[in-house]
């Protein structure tokens, strides 16, 4: 609205100036585009300064979050001061960029207006000369000056809007980068293979997935019968965790299909899939809330169900000893729990969700041998007749499986039972041949 009013004011004043004395009116009208062009050149520099300021804020916020998340480990390693100095340096950079943007944009605005004022003074001198050498009267000259001053305010308004536009445009670039991110696909819920079934089979057909140019999964074919327990092993970085993300629909494969109960994910819908497929990760996400809320995630469950799930996860004794038991706060990311307790809490959460398909991604890596053995014993009854995919490095977890798939460089290179794979002397034998159960 301000731009519209300013434009109409400048246009109307220009028409009057041209009608009063077209030579002088043409002089000032030709000078205006030169001022605007110079303003645009300066404004582009202001835009770059704003971009640098936003980038500095982004870096600082990222570093601040990472440092606070890892503050206990940094203090334990006696590197707290080093990272705090880095944060202070980032904060200074933000301050310097902000100050630089403020004074330079203000200076640019004033410089543009000074340039326009110079044009006005040039115009006034030309008008006085015109009075001497033409029939322009002094009264008419002052009338032109009056209209010229009337034009100054809207022109200044338009110059200020240019700088506001350049600054906003630079800030908007960050928002546009977020808006350009692709949303996950929204598949229609056409079929529900989990309805009236205790469990379903899981099949992957020719799955290809890459991060940009880096190919991670290169034609994966994998099949789990309903109720079967299958382990996936391999060297770190082979794509095992990526495979889990593809199954859950977090990543969309470039080629191939994921089927549950013979039905493609595209016909099941991701909400239905994730409601019936439970995943326990090596580093589970926990909230600064009570044990109860971290178990239920907002679902309505009875205390008896919670204690039963905790018992299966070998965590009932620990929670019973807490000051407020199920209503005890566990801190941000479960900071008041040990690594093994966090994993067992995630396993209890999985048990509580009563899934049809279970994926255990290094779910017991932080447990001691005795606790892990007892946990596997108690989980055995729960996982019976549930399709289970185990991603693991520990031999004790791998030997729970009916079959084992071996990942190597994005391919499945071996398949079979533990003893068969040891006899083949392949990658599996290199990983587990010298270990004891």
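The values are calculated or read from the model by the stated rules, or taken from the named source; none is laboratory data. Please read these numbers as outputs of a predicted model, since none were measured by experiment. Methodologically, a virtual Cβ is constructed for each residue, glycine included, from the backbone with ideal geometry; neighbour enumeration extends over all protein chains shown.
Working carefully through the options 159, 172, 217, find the one that is outside the structural domain of residue 54 (by TED's automatic domain parsing) and on the phi < 0 side of the Ramachandran plot.
Details: 159 fails: outside the structural domain of residue 54 (by TED's automatic domain parsing); 172 fails: outside the structural domain of residue 54 (by TED's automatic domain parsing).
Within the list 159, 172, 217, the selection yields 217.
Quick one: residue 93 ticks every box in (1) at pLDDT 75 or above; (2) surrounded by fewer than 13 Cβ atoms within 10 Å (Cβ to Cβ); (3) more than 30 Å from residue 287 (Cα to Cα) except a single one, so which number is it?
(2)
Listed here are the residues, each with its yes/no results for (1) closer than 26 Å to residue 362 by Cβ; (2) without any contact (Cβ under 8 Å) to a residue 24 or more places away in the chain; (3) under 19 Å from the mean Cα position of the chain (by Cα).
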{"residue": "188", "(1), (2), (3)": "no, no, no"}
{"residue": "217", "(1), (2), (3)": "yes, no, no"}
{"residue": "225", "(1), (2), (3)": "yes, no, no"}
{"residue": "228", "(1), (2), (3)": "yes, no, no"}
{"residue": "245", "(1), (2), (3)": "yes, yes, yes"}
{"residue": "255", "(1), (2), (3)": "no, no, no"}
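With exposed (fewer than 12 other Cβ atoms within 10 Å of the Cβ), closer than 22 Å to residue 175 by Cα and modelled with pLDDT under 80 as the only criterion, which of 62, 43 stands out? Even if it seems obvious, please write down each step before you answer.
On the way: 43 fails: exposed (fewer than 12 other Cβ atoms within 10 Å of the Cβ).
Result of the check over 62, 43: 62.
Testing residue 256 on (1) farther than 25 Å from residue 401 by Cα; (2) out of contact with any strand residue (DSSP E or B) (no Cβ under 9 Å at 6 or more places or on another chain), one condition comes back false. Which one is that?
Just one mismatch for residue 256, condition (2).
What is the residue count in the stretch 124-146 for residues that are under 18 Å from residue 11 (Cα atoms) and modelled with pLDDT under 75?
Here is the first cut: in the stretch 124-146, the residues under 18 Å from residue 11 (Cα atoms) are 143-146.
This time we only want the ones that are modelled with pLDDT under 75, so: 144-145.
The total comes to 2.
Which of the residues spanning the stretch 196-215 are surrounded by fewer than 20 Cβ atoms within 10 Å (Cβ to Cβ) and over 22 Å from the mean Cα position of the chain (by Cα)?
To start, the set of residues in the stretch 196-215 that are surrounded by fewer than 20 Cβ atoms within 10 Å (Cβ to Cβ) comprises 196-198, 201, 203, 205-206, 208, 210-215.
The answer is 196, 197, 198, 201, 203, 205, 206, 208.
Which one is surrounded by the most Cβ atoms within 10 Å (Cβ to Cβ), of the residues in the stretch 411-437 that are outside any helix (DSSP H, G or I) and at pLDDT below 75?
So the first thing to find is which residues in the stretch 411-437 are outside any helix (DSSP H, G or I), and the list is 411-417, 425-426, 433-437.
Within this subset, residues satisfying the condition of being at pLDDT below 75 are 425-426, 433-437.
Details: 425: 10, 426: 16, 433: 12, 434: 7, 435: 10, 436: 6, 437: 8.
For the stretch 411-437, the residue satisfying everything is 426.
Just name the residue that is nearest to residue 273 (Cα to Cα) out of those in the stretch 315-347 that are crowded, with 22+ Cβ neighbours inside 10 Å and over 28 Å from the mean Cα position of the chain (by Cα).
315
Is it the case that some residue within the stretch 243-260 is part of a helix (DSSP H, G or I) and modelled with pLDDT under 80? Before you say what the answer is, go through the steps one by one.
Step one: list which residues in the stretch 243-260 are part of a helix (DSSP H, G or I), which gives 243-247.
With modelled with pLDDT under 80 added as a condition, the list becomes none.
Within the stretch 243-260, not a single residue is part of a helix (DSSP H, G or I) and modelled with pLDDT under 80.
Just checking, which of 336, 349 is assigned by TED's automatic domain parsing to the domain that holds residue 272, at pLDDT 80 or above and either assigned to a helix (DSSP H, G or I) or farther than 21 Å from residue 229 by Cα (or both)? Break it down stepwise before answering.
Details: 336 fails: at pLDDT 80 or above.
So the residue among 336, 349 that is assigned by TED's automatic domain parsing to the domain that holds residue 272, at pLDDT 80 or above and either assigned to a helix (DSSP H, G or I) or farther than 21 Å from residue 229 by Cα (or both) is 349.
For the stretch 365-399, give me the residue count where each residue is touching a strand residue (DSSP E or B) at 6+ places or on another chain (Cβ under 7 Å), in a loop (DSSP other than H, G, I, E, B) and modelled with pLDDT of 75 or more.
Qualifying residue count for the region: 1.
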